[in-house]
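We did not get these values from a lab; they are worked out from the coordinates using the rules stated. Everything quoted here is computed from the prediction, not taken from an experiment. Methodologically, a virtual Cβ is constructed for each residue, glycine included, from the backbone with ideal geometry; neighbour enumeration extends over all protein chains shown.
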Amino acid sequence: MSNKHGKRKNIFFKWIKIILAVYVLIGVGLYLFQDKFFLHPVSLPADYKFQFKVPFEELLVRFDSTTSFNIIRFKSTNNSVKRGAVIYCHGNMENVIHYAEAAYNFTRLGYEVWMMDYPTFGKSTGVLNERMLYTEASHVYKAVRAAGFSSDSVVIYGRSWGTGVAAQLASVRSCKRLILETPYYSIENLASRFGWMYPVKWMTHYKIPTYQYLQKVKAPVTIFHGTDDATIPFSNSEKLKPFLKPGDELITVSSGDHNNLNDFPLVKQKLDSVLRL
């Protein structure tokens, strides 16, 4: 009996060691490759020629010897009214080409759209990290103001990954309005959805606490989020709701997912109405 008991004990501890080894290996993999999990940039050669349906100007802002910010300045297509400029912080996919179609939502109403590519996205170069995201957004804001736009004519818009970047910018710079499409509570909170069994707080390279930044935003805030969003669940916006000011809005899009909100008449109508204010 003692031999059988000893063998069972050895097998038990053997499996414990295997499980721990697998746990550690997966954890190390998640830590080392988390940027590839969260971010999916597509770089472009420096001589790439953009082609868009909306008139545009390409800008290159040199930050340091290895870092350059590439910005597309989409021009207004409405000759009857000039309302201002939209700083568009896009998501985690590809580059500005992937998001350029969204510019028409604003240019047709008399806004310019300044859409930046983060380092390693498109033609932008340098090291990508949280600090650099905020630094680039600040440089775009300064460029917009230098182009003659007053702070009360600047709309800051964030889409998906860019919502936290947009919220941070609006928390330190004056603007007409902050608009967030499918925002997250924080990257740490979002990561815990996938790596709940790990100490995510200590593992994530990015924190981006959108909920903290919202508390410092003085401009009106409008949030759009679909109830069927499987990428950034609607619960993120529900958790952000307590940090909204009187007059701020969370627009709930029933059956909307992460990528189709622009197809809903509710979103188009509400976006048009706040942009015309």
Surrounding net charge for residue 147, when Lys and Arg each add one and Asp and Glu each subtract one, Cβ distance under 13 Å: +3
Shape descriptors of segment 54-112 over alpha-carbon atoms, Rg and Dmax in angstrom, are 12.8, 42
Value of Rg/Rh across segment 41-275 [Cα atoms, Kirkwood radius]: 0.94
Whole-percent tail of the Cα-Cα distance distribution for segment 29-153, cut at 19 Å, equals 48 percent
Given H placed on each backbone N at 1.01 Å, which residues far from residue 158 in sequence or on other chains put an amide H within less than 5 Å of it? 89, 179, 180, 181
